[in-house]
1. Relative to 2.2 N^0.38 Å, what does the C-alpha radius of gyration of the range 188-254 come to as a ratio? Two decimals please.
2. For residue 193, give me every one of the lysines with a C-alpha distance below 16 angstrom, ignoring sequence neighbours fewer than eight places off in its own chain.
3. Roughly how many Å² is the accessible area per residue of the range 131-208, as a whole number, for a 1.4 Å probe?
4. Probe of 1.4 angstrom, ligands and nucleic acids ignored: what's the accessible area per residue over the range 254-337, in square angstrom?
5. Hey, how much of the P(r) for the chain falls beyond 36 Å, as a percent of Cα pairs?
6. Solvent-accessible area of residue 315, probe 1.4 Å, all protein chains present, reported in Å² to the nearest ten, please.
7. Counting only protein heavy atoms and using a 1.4 Å probe, what share of the accessible area of the chain belongs to carbon plus sulfur, as a whole percent?
8. Taking only complete DSSP H runs, can you tell me which helices of the chain stretch 18 Å or more along their own long axis by Cα positions and average at least -1.0 on the Kyte-Doolittle scale?
Amino acid sequence: MDLSVGTPVDPVPQVVTGALLAAADSPGYPATHGTPRLREAAAGWLARRHGVTVPPESVLPLIGTKEFIAGLPALLGCGSGDVVVYPELAYPTYDVGARLAGARGVAADGLTALGPEPVRLAWVNSPANPTGRVLPTAHLAKMVSWARERGAVLASDECYLGLGWTAEPVSVLHPDVCGTSAEGVLAVHSLSKRSNMAGYRAGFVTGDPALVAQLLEIRKHAGMMMPGPVQAAMAAALDDDAHADRQRAVYAARRDRLLPAFQAAGWEISHSEAGLYLWAARPDHDGWGCVELLAGLGILVAPGEFYGPAGTQHIRVALTATDERIDAAVRRLAELS
């Protein structure tokens, strides 16, 4: 029962595969900026589902969001002597991006702890991977103000924005957070979890029009183009909320089975208010001890240490296994209850 990697296992929606097939005859080069239909679909989804208004011209397709997260420091011109900040418990790619650019990565949750040190780029991730933590609107607004005062770019990884369970996530581009301007702010969105499109490599970034224009110019010269059929599939997915609501219900049901099973077996669940993971600790084991204990039951999870030193006592449990595998894990966990 592999609960270690958050990769989708459910079918790609027919509205997506149908659009992909309909656009399969695409002999020409695709536009780096994306088709007008794709950009309008992304802007429409943000407005309809998240209360965020962006001009379609400020939407830039990505070949999956991971390449963008890893490449953003370099695309912004970061280098030796520059600081890139990311959360203390975080997806490793934030640090990888800083290293690839030759910049210095700093893991910090309290921005005031950085003192007067200049920062070029700060990442925020809410809902967070691995913890599922949701940052309050007021906290995000403070981060925007902090970044603007420093002249730093604030980039928000919002790949789990539509998967709030006991808290309601808010985008960094919501007017309650950034006001009437997106100056200095970028938001990154993925269709991997929402629409089971991890195999398509489909995402987008939006926000500050000047920053998006800068990124577009560089990506044009680098040939970073989303294939035309994928653009059509992505637009169809963003226009259709019904399949996303059904998938969300599937994940909610898996969470409702798995979370109490871990609690009954002796784990304490922290945060986990949103996203596709449980952040769990057991008083009598550290993270690796939990990994070993669960492996003995045939259940694979990720050690929290993978996401930073602050995670050594925890494990990350993914909700992305099939219903059959989730039910099997629940039965195995009962052996520890």
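The values are calculated or read from the model by the stated rules, or taken from the named source; none is laboratory data. On a predicted model such as this, the values are computed, not experimentally measured, just so you know. Here the Cβ positions follow ideal geometry from the backbone for every residue, glycine too, while neighbour counts run over all protein chains shown. Quick note on the areas: whole protein, heavy atoms, side chains included, nothing else; ligands and nucleic acids left out. Shrake-Rupley method; radii C 1.70, N 1.55, O 1.52, S 1.80 Å.
1. 1.32
2. 66
3. 34 Å²
4. 42 Å²
5. 19 percent
6. 0 Å²
7. C and S atoms contribute 55 percent here.
8. Helices meeting the span and hydropathy rule in the chain are 36-50, 137-150, 209-222, 242-264.
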